[in-house]
1. May I ask you to list the residues in the range 708-761 that are out of contact with any strand residue (DSSP E or B) (no Cβ under 6 Å at 6 or more places or on another chain) and basic (Lys, Arg)?
2. Among the candidates Glu326, Glu368, which residue alone is in a helix (DSSP H, G or I), in contact with an Asp or Glu (Cβ under 9 Å, 6 or more places away or on another chain) and of a type in the set (D, E, K, R)?
3. Mind listing just one residue for me: the one in the range 181-218 that is crowded, with 24+ Cβ neighbours inside 10 Å and among the β-branched types (Val, Ile, Thr) and, of those, nearest to Leu487 (Cα to Cα)?
4. May I ask you to verify whether Gly230 is part of a helix (DSSP H, G or I) and surrounded by fewer than 23 Cβ atoms within 10 Å (Cβ to Cβ)?
5. Could you figure out which of (1) assigned to a loop (DSSP other than H, G, I, E, B); (2) charged (D, E, K, R); (3) in contact (Cβ under 8 Å) with a residue 60 or more places away in the chain isn't true of Glu546?
6. Evaluate the following for Ile358: is it surrounded by 20 or more Cβ atoms within 10 Å (Cβ to Cβ) and part of a loop (DSSP other than H, G, I, E, B)?
7. Among Ala434, Ala429, Ala475, which is the only one that is closer than 30 Å to His325 by Cβ, among the small types (Gly, Ala, Ser) and crowded, with 24+ Cβ neighbours inside 10 Å?
Amino acid sequence: MSVIDDAVKVKGHGAYLIDGKEFTGSASVSKEEAVRGTIAYGILKEHNSSGNMEELNIRFDCLTSHDITYVGIIQTLRASGIDKFPVPYVLTNCHNSLCAVGGTINEDDHVFGLSAARRYGGVYVPPHQAVIHQYAREMLAGCGKMILGSDSHTRYGALGTMAMGEGGGELVKQLLSQTYDIRRPEVVAVYLTGTPSYGVGPQDVALALIGRLFADGTVKNKVMEFTGPGVKNLSVDFRIGVDVMTTETTCLSSIWDTDEKTEEWLAIHGRAEDYKELKPASVAYYDEVVEVDLSRIRPMIAMPFHPSNAYTIDEVNSNLKDVLHEVEERARVSFGGRVDVDLTKKIHDGRLLVDQGIIAGCAGGGFENLCAAADILDGADIGADEFTMSVYPASMPVYAELIKNGAISKFVDAGVVVKTCFCGPCFGAGDTPANNAFSIRHSTRNFPNREGSKVQNGQISSVALMDARSIAATAANKGYLTGADKLDVRIGEYRYFFDSRIYEKRVFDSKGEADASREVVLGPNIKDWPEMVPLTDNLLLRIVSEIHDPVTTTDELIPSGETSSYRSNPLGLAEFTLSRKDPEYVGRAKAVRAYEEAREEGAEAFDKVLEDASDLRDAWERIRSEYKDVSRDNTGIGSSIFAVKPGDGSAREQAASCQKVLGGWANIANEYATKRYRSNLINWGMIPFIIPGGELPFRNLDYIFLPGIRKAIEEKSQDIRAVAVSGQELKEFVLTIGDLTDHEREIILEGCLINFNRRSR
């Protein structure tokens with residue numbers, strides 16, 4: 001049995017938790033009553049406005065966005081006619097912070113954000129003050145609250161807040177006084193026992209959980225509820241470090257027991273009134289149980305190219321050649337042989353020599369992580385060879401306290417570079433390694449190219465995820481992979497003092513007061529969304545990309561780092577769509593979009609396209625020979641992609657909106673990796689089709705005709721008749737949609753959320 005399987009056990013069935021101490025298969029109360037005993041149920045009930053706890057309409061307490069999402073959200077709101085933010089909305093600036101490339105456009109976004117906060121009544125956190133999630137923890141989270149953020153790692157469960165990361169469309173709905181509509185999610189008990197061993201940090205616990213839970217979909221779209229006697233054995237900072245990584249399990253949200261440690265943490269941050277005890281009722285029913293023995297977890301490493309590719313550091317060091325060869329083989333499949341990943345050359349004298357260490361962002365940049373890393377590096381030095389190391393405190397209050405307690409001096413003395421509050425290393429905009437370099441990071445993701453390399457340019461580097469403690473141990477060992485448990489170093493306990501004056505001096509807080517006299521400042525790169533037409537009676541789709549990887553991440557759908565400067569320009573950003581996965585996609589999609597533009601222009605333009613484009617002409621004529629009522633007026637033309645399981649990772653709506661502005665009208669998948677990606681498709685008027693696994697009835701560049709698609713959506717049909725057009729052959733097959741709320745159905749019919757809101761207002 002592996003260490004992960006030994007430490008993290010999935011019971012495989014639902015159970016009743018009695019008095020927080022033991023699980024049983026039956027209880028003295030009904031299952032219906034026991035379901036109401038979870039922490040999650042109580043918070044959801046408090047925020048549900050539907051009156052029906054099976055079909056939820058959630059209203060959140062506050063919202064958060066950063067500077068590669070808030071421009072698009074506010075532009076959508078402006079197109080919908082907003083006058084004022086009806087709930088607290090915090091705009092942070094931790095992604096486009098460097099203002100180093102793209103001319104003025106990054107700082108233009110920040111000027112836009114401040115002006116929008118003034119006009120509509122929001123909160124604006126300037127660049128380098130705090131990463132989005134640290135600010136939310138320090139200033140927003142509280143026991144029993146719910147927060148929605150336009151970043152997938154919106155997780156504040158360790159502070160008693162159920163938080164969710166979604167695409168911008170869901171925030172738009174909240175800001176237009178609409179609701180977040182979902183079926184009541186299942187709740188999974190994550191029952192903690194034991195105490196972490198020396199050298200084990202929160203990232204180690206998180207990677208063990210992800211390694212065990214991701215592949216099986218154990219918690220997919222469910223709420224993880226952390227409880228059990230082991231919770232009390234963890235500091236709040238430790239809990240936060242585990243909690244933020246739950247996103248990588250594909251769960252919907254998370255929540256933890258709260259206790260006197262939570263109360264103290266909130267009091268230190270000047271918000272003692274936000275504390276209340278949260279724990280399961282005397283009888284609580286959970287749909288699944290995961291038992292975690294913290295004492296059995298060892299220092300972990302998630303090898304490239306996914307957080308679930310988890311091993312103990314000991315396992316990697318004992319099987320170096322086999323593990324590295326497996327990573328190289330995965331890379332060859334993922335990258336289609338376009339680059340040569342050579343990691344075995346990193347083996348020196350039987351040990352793995354890494355090139356870079358990074359501790360950063362919402363996962364790594366917390367106070368305790370950095371204090372522990374500084375203690376491990378106290379009196380050491382990282383050397384003057386290839387290995388480099390940088391740390392990024394998560395907020396200026398954390399930074400200030402690290403200066404006061406001497407941690408910063410320890411880093412500097414060891415040769416570590418201390419940088420400002422910035423999420424760049426997490427998404428490829430800071431500390432990009434050299435070609436074929438290997439980086440170890442306490443950050444959130446290690447997807448292909450996530451660190452900033454570009455396969456399309458022949459560049460590739462690799463990232464492994466580790467805890468700050470083991471990264472520091474590796475650095476103290478001059479870059480040779482080392483678990484923190486192998487060092488005899490005292491890691492101290494440090495009391496944190498939060499200085500709220502740092503924010504009071506720099507953060508703009510409107511106190512919820514809108515000022516209509518203020519103009520929103522638009523830089524030259526900030527563009528409006530293009531016009532989008534409602535769903536037509538019939539659809540003719542062309543498949544313009546076919547992806548058979550087991551999972552397609554949002555980073556592959558729309559790259560992260562190098563595209564950040566274009567997030568305010570829908571058409572400019574769309575040029576990067578699928579650039580890392582299918583460089584031909586954009587050209588093909590644009591060609592199909594031109595067909596639709598000609599259709600909308602009129603009969604003369606459309607006839608000209610039919611005359612010039614043989615692929616469209618042949619498909620159009622073949623369809624009209626069988627479906628006599630098909631015409632230019634009632635049949636839209638768009639593109640679609642097929643992917644086995646798209647949408648793992650980021651909440652960024654641009655993974656869908658970029659397809660939409662290029663003429664996309666649907667995705668076809670065996671399944672969707674996350675709810676948030678499927679929601680993004682819907683909010684941009686794209687139909688999230690499902691097709692069973694196996695041989696496809698169509699190929700790339702085939703057309704698919706959907707007769708009566710608008711009527712099928714209106715009538716709530718689950719099964720959708722489709723016809724593949726391949727040469728002269730018409731092949732009928734069935735697509736499914738899955739559950740759509742009435743609201744989601746209307747958005748698809750209107751063509752997108754913007755259209756829906758314009759009509760509604």
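1. Arg710, Lys711, Lys716, Arg721, Arg745, Arg758, Arg759, Arg761
2. Just one listed residue meets the conditions, Glu368.
3. Val200
4. Criteria met by Gly230.
5. It fails just one condition, (1).
6. No: the conditions fail for Ile358.
7. So the residue among Ala434, Ala429, Ala475 that is closer than 30 Å to His325 by Cβ, among the small types (Gly, Ala, Ser) and crowded, with 24+ Cβ neighbours inside 10 Å is Ala475.
Residues are listed down the side, and each one gets a yes or a no for (1) in contact with a helix residue (DSSP H, G or I) (Cβ under 7 Å, 6 or more places away or on another chain); (2) of a type outside the set (D, E, K, R):
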position	(1), (2)
Leu701	no, yes
Arg721	no, no
Gln728	yes, yes
Arg758	yes, no
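The values are calculated or read from the model by the stated rules, or taken from the named source; none is laboratory data. In this text, all values refer to a predicted model and were calculated from it rather than measured experimentally. Every residue, glycine among them, receives a Cβ derived from its backbone with ideal geometry; neighbour counts consider all protein chains shown.
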